[in-house]
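Here's the structure we're looking at; comments come further down.
The values are calculated or read from the model by the stated rules, or taken from the named source; none is laboratory data. Predicted, not measured: the structure shown is a model, and the values here were computed from it. Neighbour counts run over all protein chains shown; Cβ positions are idealised from the backbone, glycine included. These area figures cover heavy atoms from the full protein model, side chains too; ligands, DNA and RNA do not enter into them. Shrake-Rupley method; radii C 1.70, N 1.55, O 1.52, S 1.80 Å.
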Amino acid sequence: MQGFGVDIGGSGIKGCLVDLEHGRLIGERVRIETPQPSLPDPVYGVVARIVDSFGWTGRVGVTFPGVMKHGVAHTAANVDKSWIGTDVDAGLDALIPGTVETLNDADAAGIAEMRYGAGRDRAGVVLMLTFGTGIGSALFVDGHLVPNTEFGHIQVDGEDGERQGAAAAREREDLSYPEWARRVDRYLDVLEAGLWPDLIIVGGGVSKKAHKWVPLLSTRTPVVPAQLQNDAGIVGAALAAHERPERERPDG
Ligand code: BGC
């Protein structure tokens, strides 16, 4: 069983064929730099190029780094603001007709971790957090996704949590892992004041170095690193597109 996923990020757009039985990429993924400015039309062009380069004609899952409801982008924290209010499904449909399922990037990563990775067979409340340019979140209740949670934007000491706690903050300010872990700890403190998950899965590139910072956290909730790491978005998008029936457009 094969699927196809594309992950739209602020710096790169990545896509690959996916083995949906095992939750793995098939062959090498293709990565193309995100056009700058990251406007919708040039980004759609890159997505279509990636899909075409594999000769894929089936359903395609596409992630977006913002709130995605019924194919429309509602926020754009780390990409061009012109995405807000844009019908991404319609834009992509014009280039890759009838095949696209769009969803939030962290939701896609969470879907993959719940099926194939660190959240496999986990009931209860599971929170996946992705640390990258921002902080993405995906919340699951007994394996069911509560879509479009935006916990990167909870207020921590007067600003968006992701401002201090994202992986980008560590790089921007050249923080050591222990220094950055203190920030993540503070962020998780605030998050835990309002949410009592049973498990927190931490993803994004920094999950590869989880041993350097996860043991320093003082959360009451167990924290485990993601297992699919950078491929989670692509895999989860492909799975979502495969499993969700094609949506009726609201306007028919
Ligand atoms: C966005 C989220 C996204 C996350 C990771 C945040 O700034 O608001 O929608 O999931 O970044 O890309």
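At-a-glance table
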item	result
Those residues of segment 192-221 which are out of contact with any Leu (no Cβ under 6 Å at 6 or more places or on another chain), part of a loop (DSSP other than H, G, I, E, B) and not hydrophobic (A, V, I, L, M, F, W, C), in sequence order	Asp198, Gly204, Ser218, Arg220, Thr221
Of residues in segment 143-158 being open to solvent by 60 Å² or more (accessible area, probe 1.4 Å) and more than 22 Å from Lys69 (Cα to Cα), the one nearest to the chain's Cα centre (by Cα)	Gln155
Filter result for the condition that a residue is crowded, with 24+ Cβ neighbours inside 10 Å, touching a residue at least 40 places away in the same chain (Cβ under 8 Å), of a type outside the set (D, E, K, R) and near the ligand (Cβ under 9 Å from one of its atoms), over Gly110, Gly134	Gly134
Residue in segment 60-77 that is within 15 Å of the ligand (Cβ to nearest atom) and modelled with pLDDT under 95 present	yes
All positions within segment 53-70 that are touching a residue at least 40 places away in the same chain (Cβ under 8 Å) and surrounded by fewer than 23 Cβ atoms within 10 Å (Cβ to Cβ)	Phe54, Trp56, Thr57, Gly58, Arg59, Val67, Lys69, His70
Lone qualifier among Asp174, Asp189 - being among the acidic types (Asp, Glu) and not in a helix (DSSP H, G or I)	Asp174
Matching residues, segment 51-93, being within 20 Å of Gly152 (Cβ to Cβ) and assigned to a helix (DSSP H, G or I)	Lys81, Trp83, Val88
Counted residues, segment 31-52 - those being farther than 19 Å from Asp93 by Cα and buried (at least 18 other Cβ atoms within 10 Å of the Cβ)	1
Number of the condition not met by Val6 [criteria: (1) aliphatic (A, V, I, L, M); (2) modelled with pLDDT of 95 or more; (3) over 13 Å from Ile234 (Cβ atoms)]	(3)
Residue list for segment 171-204, filter: within 16 Å of the ligand (Cβ to nearest atom) and in contact (Cβ under 8 Å) with a residue 40 or more places away in the chain	Val184, Tyr187, Leu191, Ile200, Ile201, Val202, Gly203, Gly204
Candidate set: segment 1-28, residues that are open to solvent by less than 10 Å² (accessible area, probe 1.4 Å) and within 16 Å of the ligand (Cβ to nearest atom); chosen: the one farthest from Val46 (Cα to Cα)	Gly5
Residue in segment 161-181 that is open to solvent by 70 Å² or more (accessible area, probe 1.4 Å), in contact with a Gly (Cβ under 9 Å, 6 or more places away or on another chain) and within 28 Å of Asp142 (Cα to Cα) present	no
Test: residue in segment 82-105 that is within 14 Å of the ligand (Cβ to nearest atom) and surrounded by fewer than 21 Cβ atoms within 10 Å (Cβ to Cβ)	yes
Odd one out for Phe151 among (1) farther than 12 Å from Leu199 by Cβ; (2) away from the ligand (no atom under 11 Å from the Cβ)	(2)
Test: Ala168 is in contact (Cβ under 8 Å) with a residue 12 or more places away in the chain, farther than 24 Å from Gly61 by Cβ, within 13 Å of the ligand (Cβ to nearest atom) and not assigned by TED's automatic domain parsing to the domain that holds Ala48	yes
